[in-house]
1. Is it true that some residue in region 108-116 is basic (Lys, Arg), modelled with pLDDT of 75 or more and under 24 Å from Ala161 (Cα atoms)?
2. So, in region 180-198, of the ones that are out of contact with any Lys or Arg (no Cβ under 8 Å at 6 or more places or on another chain) and part of a strand (DSSP E or B), which residue ends up nearest to Met107 (Cα to Cα)?
3. Between Arg221, Arg141, Arg217, which is of a type outside the set (Ser, Thr, Tyr) and either under 30 Å from Pro282 (Cα atoms) or free of Cβ contacts under 8 Å to residues at least 40 places away in the same chain (or both)?
4. Determine, yes or no, whether Gln189 is farther than 30 Å from Ser263 by Cα, at pLDDT 85 or above and of a type in the set (S, T, N, Q).
5. Which one is farthest from Ile204 (Cα to Cα), of the residues in region 154-179 that are in contact (Cβ under 8 Å) with a residue 60 or more places away in the chain and assigned to a strand (DSSP E or B)?
6. Please go through region 132-146 and give me each residue that is surrounded by 15 or more Cβ atoms within 10 Å (Cβ to Cβ) and either farther than 19 Å from Gly266 by Cβ or in contact with a Pro (Cβ under 9 Å, 6 or more places away or on another chain) (or both), ordered by number.
7. Report yes if some residue within region 212-226 is part of a strand (DSSP E or B) and in contact with a Pro (Cβ under 7 Å, 6 or more places away or on another chain); otherwise report no.
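The values are calculated or read from the model by the stated rules, or taken from the named source; none is laboratory data. The structure displayed is predicted, hence computed values, not measured ones. Here the Cβ is made from the backbone with ideal geometry for all residues, glycine too, and neighbour counts use every protein chain on show.
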Amino acid sequence: MKNCMPLLLLAACAAPAAPRAARIEPASRAPYAFDVADPAASSIVVRIDAAPSDAALEAVRVLVAPDSWSRGALFVEGKQLVVRNTPGACERVKELLAALSAQEKDMVAVTARFLKLSREQLSDLRNLEPTNGSLAGLFDREALADVVAGWMKEGAQIISAPRCTAFHGQNAHITIASQTAYIQGHERQVCTGGATDLDPVIGILNEGLSLKVVAVRADNRLQLAASIELSALLPVKVIDVRFEGRVVQLPAATRVSAEQRVSMAGGQSLLLVVRNPDSRDPAHPLVAVVIDASELFD
């Protein structure tokens, strides 16, 4: 992980007009230096070496005055994080950013992009190895981003792009799916008077994707373990089976799964390629999953 550069935070809070700018030197344990630029305004401009992750921005929106963030009140512009809110909220943002920065060594931001591909598009990549139910490989992040951009121009389709933040060693689990209920069986119930009856037992079918990932830093590299599962319901979602005057439904679904463990250097992405379980889309028989993992402020 690269060393964090000190952050320069310009804060503005309510005070007399046209004040003289003042500088407050940070304490030895704090990574911030504050400049009071325009105390008549309620805004902060944070200049940092690399913008915080989307997870850090979401933490600000959720934890600091959650009902106050209008459009344009919190955004990244180049290498600046711009925050516009009341003086009290500005102070709380400073405190939260300091807390996140102090814990950054313990947190990992993970992004996964699921794309549907044709077989011809996969021919652009040479160093994919068959392993654990998929083709897998490590690539330079920027170079792979260029390849993905080319795929999109050639008709690839994005299924989803989930993001999450977790501590080192913590399992992160994301599921994006639609659910269908079905009768998976019957259970005998005792009624009033000792009579018995059979009540249906309801099961749930998931159609979508699931991602599980855990990352641990070791020797300036991220040891990443990732597993994915894709499921698709066939056009006939359940099959009715009649037995003893009652109906039991059998799910009609296809699933594919894959898992991979890699040691990622900074600036690398993991690519997994599996079969598309949805046979209704013959133009895209493959699904590619691009997984990026980095320190929270990396």
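1. Yes: region 108-116 contains one or more residues that are basic (Lys, Arg), modelled with pLDDT of 75 or more and under 24 Å from Ala161 (Cα atoms).
2. The extreme case among them is Ala181.
3. Sole residue among the options that is of a type outside the set (Ser, Thr, Tyr) and either under 30 Å from Pro282 (Cα atoms) or free of Cβ contacts under 8 Å to residues at least 40 places away in the same chain (or both): Arg141.
4. no
5. Only one residue tops the list, namely Phe167.
6. Within region 132-146, Gly133, Ser134, Leu135, Ala136 qualify.
7. no
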